[in-house]
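Student: Below you will find the structure I want to go over with you.
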Amino acid sequence: MVGIKTYRVIRDLIKDPQSIINYVEDYLLRIAELTYVTKEINGDTAKLMVHGNNGDAELSINHEVRVRGRGKMRDLVNALVLRYLGTDGMRRITILLVQRDNRIYRVNDLPRAYSPSIGLIGLMLVSIMALSIIVAVLRIINVIPSIHLILILLLSPLLIPIIYSYVLQLRVRHGDLRNSRIIKFVLEYGDFEERRFNEALRLLSRIENTRSLSEIRRFLISLVNDVRTKPQNFYEEYIDINSLISKLGIRNNYGIYLVNVNQCNAASIGLPGINYIVLTSRLVSCLSTDELAAVIMHEVGHIVHGDSAKTLFLISLAQLVNIALITYIIPLMSLPAIPILMAAILLEVFGIVSVMKLSEYSADKYALRFVHRRSLAMALIRVTWKELHNELVSRRFGVFASHPSVSSRLVRILR
């Protein structure tokens with residue numbers, strides 16, 4: 001049922017069904033080297049039928065998208081549809097620059113950081129288990145924690161993430177995008193133009209440290225005019241961050257930072273006195289201006305709703321419950337300590353990640369007040385199309401994942 005709903009909303013994102021059919025057909029003939037591929041195109045209906053040693057598959061696009069078949073062939077066709085949606089069937093080379101006070105910064109000049117959301121979430125959840133184990137050990141050796149130690153254990157889940165958030169902001173402050181302009185030079189190659197793509201990548205190493213806009217543009221024009229490296233499309237894109245902030249109505253006290261991370265991700269921190277958004281260079285490279293605006297407003301939604309503070313509160317509450325269980329309830333009722341504690345931690349983690357999943361839906365809903373549904377959905381597809389494919393093929397969803405399934409988010413965004 002989830003797959004059917006997902007394919008129905010995916011149809012709303014497809015502008016030209018014939019282009020997807022042609023892309024899947026080209027891939028199967030050129031890369032998979034299949035010989036039994038037939039297609040039918042009749043008005044608004046497009047159909048592709050595949051037969052091979054790894055199974056059969058049929059892709060049909062009319063008022064909805066359907067992928068039928070069996071075996072690996074069905075999974076491959078499903079992956080190709082999502083790959084096309086996420087990449088437009090293109091390989092892109094993006095030269096990303098930041099212009100601030102008439103100075104040009106390359107990606108390598110930006111602060112480096114681990115994925116901030118994973119770091120903070122991991123810190124929050126690990127703190128519950130680690131501190132609970134400390135209390136359990138103390139109880140096992142018959143040491144009753146003093147009131148001061150209990151206070152420290154209660155405050156630690158609050159203080160550790162807050163300190164982490166301040167330290168992270170200090171680390172990424174040089175990537176502040178306010179009063180800056182993002183400049184993107186994009187070369188687009190078809191998915192099957194591997195030779196030209198690789199040759200262009202090789203030659204681009206010559207301008208790795210160049211910061212002159214005119215020199216970079218001149219070099220890229222030479223690649224565009226060279227038959228060995230000529231892309232299908234070449235364009236420049238400029239994003240004035242202050243204009244974008246003003247257009248979206250974002251508060252001036254919200255920081256927006258760009259970090260050098262080769263991963264499509266974004267995160268927000270919203271705590272008393274500290275509100276900022278972190279964008280990775282890979283994310284900015286692969287999204288259009290409208291899609292980037294949708295991601296930013298999604299993160300602003302987290303800040304407005306106080307999701308970071310809610311999570312910290314739940315973690316502190318969970319820690320209080322664990323201390324009460326270990327110190328008083330379990331000894332008083334002569335219950336087995338380890339099984340009770342493990343069950344409590346599992347329930348607490350499940351409850352916290354459930355609230356975090358709901359906060360993702362709320363942040364999406366908030367973003368839709370400022371951006372078009374298609375922009376938010378396409379941003380989600382471009383970042384997570386591989387994850388979406390795994391969901392549709394395996395039908396398995398992470399119970400303890402901090403984010404809801406991509407399928408459910410898409411359905412809610414486009415319904």
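Student: Would you point out which residue out of Ala130, Ala113, Ala79, Ala136 is modelled with pLDDT of 90 or more and open to solvent by 10 Å² or more (accessible area, probe 1.4 Å)?
Tutor: The conditions single out Ala79.
Student: Does Leu244 satisfy the condition of being more than 14 Å from the chain's Cα centre (by Cα) and within 27 Å of His372 (Cβ to Cβ)?
Tutor: yes
Student: Now a separate question. Which of the residues that make up the stretch 184-209 are surrounded by 12 or more Cβ atoms within 10 Å (Cβ to Cβ) and either without any contact (Cβ under 8 Å) to a residue 12 or more places away in the chain or among the charged types (D, E, K, R) (or both)?
Tutor: Matches in the stretch 184-209: Lys184, Glu188, Asp191, Glu193, Glu194, Arg196, Asn198, Glu199.
Student: Working carefully through the options Ile296, Ile250, find the one that is β-branched (Val, Ile, Thr), open to solvent by less than 20 Å² (accessible area, probe 1.4 Å) and at pLDDT below 95.
Tutor: Going through Ile296, Ile250 in turn, just one is β-branched (Val, Ile, Thr), open to solvent by less than 20 Å² (accessible area, probe 1.4 Å) and at pLDDT below 95: Ile250.
Student: Here is a list: Ser375, Ser408, Ser362. Which entry is surrounded by 19 or more Cβ atoms within 10 Å (Cβ to Cβ), in a helix (DSSP H, G or I) and hydroxyl-bearing (Ser, Thr, Tyr)?
Tutor: Being surrounded by 19 or more Cβ atoms within 10 Å (Cβ to Cβ), in a helix (DSSP H, G or I) and hydroxyl-bearing (Ser, Thr, Tyr) holds for just one of Ser375, Ser408, Ser362, which is Ser375.
Student: Follow-up. I'd like to verify a number: residues in the stretch 25-64 that are open to solvent by less than 40 Å² (accessible area, probe 1.4 Å), in contact with a Ser or Thr (Cβ under 9 Å, 6 or more places away or on another chain) and either modelled with pLDDT under 85 or under 17 Å from Ile10 (Cβ atoms) (or both), how many?
Tutor: So the answer is 5.
Student: Quick check, is Ile329 part of a helix (DSSP H, G or I), crowded, with 17+ Cβ neighbours inside 10 Å and touching a Leu at 6+ places or on another chain (Cβ under 8 Å)?
Tutor: It is false that Ile329 is part of a helix (DSSP H, G or I), crowded, with 17+ Cβ neighbours inside 10 Å and touching a Leu at 6+ places or on another chain (Cβ under 8 Å).
Student: Can I ask one more? Would you say Arg382 is open to solvent by 50 Å² or more (accessible area, probe 1.4 Å), assigned to a helix (DSSP H, G or I) and closer than 30 Å to Glu64 by Cα?
Tutor: Criteria not met by Arg382.
Student: Kindly indicate whether any position in the stretch 301-318 is over 24 Å from Leu347 (Cβ atoms), open to solvent by less than 10 Å² (accessible area, probe 1.4 Å) and either of a type in the set (D, E, K, R) or in contact with a helix residue (DSSP H, G or I) (Cβ under 9 Å, 6 or more places away or on another chain) (or both).
Tutor: Yes.
The values are calculated or read from the model by the stated rules, or taken from the named source; none is laboratory data. Remember, predicted model here, so these are calculated numbers, not experimental data. With ideal geometry, Cβ positions are generated from the backbone for all residues, glycine too; neighbour counts draw on all protein chains shown. Side chains are part of the model used for accessible areas, which takes the heavy atoms of the whole protein and leaves out ligands, DNA and RNA. Shrake-Rupley method; radii C 1.70, N 1.55, O 1.52, S 1.80 Å.
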